Amino acid sequence: MALSEAEVRHVARLARLDLSDDDVAELAPQLSEILEYAQQVGEVAADDVEPMIHPFPVMNVVRADFPAPSLPRDLVLDGAPDARDDRFAVPRIVAEDA
């Protein structure tokens, strides 16, 4: 399937690409080859192949969720660069009058 220069320019316009005449002349045969490969993929006899979303069986591998005691607050706040009133202290990023 050979693409014309007009078709290449149309595709370039849709992709918002500004191609020179030399670019169009160079890309036309390359895009034609890509389309030929895509057509070959479409010709594969796959009527007896079940559609799949992944080539291998996929299992959820997350760990079990169970309640556990958390770290003591004092130990956690000891690692903070700044803490006040039993909380992390962080710089204000939004003005109060906003």
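The values are calculated or read from the model by the stated rules, or taken from the named source; none is laboratory data. Everything numeric in this text was worked out from a predicted model, so none of it was measured. No Cβ is skipped: glycine too gets one built from the backbone with ideal geometry, and neighbour counts run over all protein chains shown. All accessible areas refer to the heavy atoms of the entire protein, side chains included, with ligands and DNA or RNA removed. Shrake-Rupley method; radii C 1.70, N 1.55, O 1.52, S 1.80 Å.
Among residues belonging to the range 38-50 that are under 30 Å from residue 7 (Cα atoms) and either touching a Cys at 6+ places or on another chain (Cβ under 7 Å) or exposed (fewer than 10 other Cβ atoms within 10 Å of the Cβ) (or both), point out the one that is modelled with the lowest pLDDT. Checking each candidate, the answer is 45. Checked across the range 51-70, the condition of being out of contact with any strand residue (DSSP E or B) (no Cβ under 7 Å at 6 or more places or on another chain) and surrounded by 10 or more Cβ atoms within 10 Å (Cβ to Cβ) holds for no residue.
Give 63, 16 a once-over and let me know the one that is at positive phi and not in a helix (DSSP H, G or I). Being at positive phi and not in a helix (DSSP H, G or I) holds for just one of 63, 16, which is 16. Look at residue 31 and say whether it is in a loop (DSSP other than H, G, I, E, B) and touching a residue at least 24 places away in the same chain (Cβ under 8 Å). Answer is no for this residue.
Counting residues in the range 1-15 that are at pLDDT below 90 and either open to solvent by 100 Å² or more (accessible area, probe 1.4 Å) or among the charged types (D, E, K, R) (or both) gives one or more.
The lone criterion from (1) open to solvent by 100 Å² or more (accessible area, probe 1.4 Å); (2) modelled with pLDDT of 90 or more; (3) in contact with a Ser or Thr (Cβ under 9 Å, 6 or more places away or on another chain) left unmet by residue 28 is number (1). Sub-7 Å Cβ pairs linking a first residue in the range 84-98 that is touching a residue at least 12 places away in the same chain (Cβ under 8 Å) and surrounded by 10 or more Cβ atoms within 10 Å (Cβ to Cβ) to a second residue that is β-branched (Val, Ile, Thr) and not in a strand (DSSP E or B), at least 6 apart or interchain, number zero.
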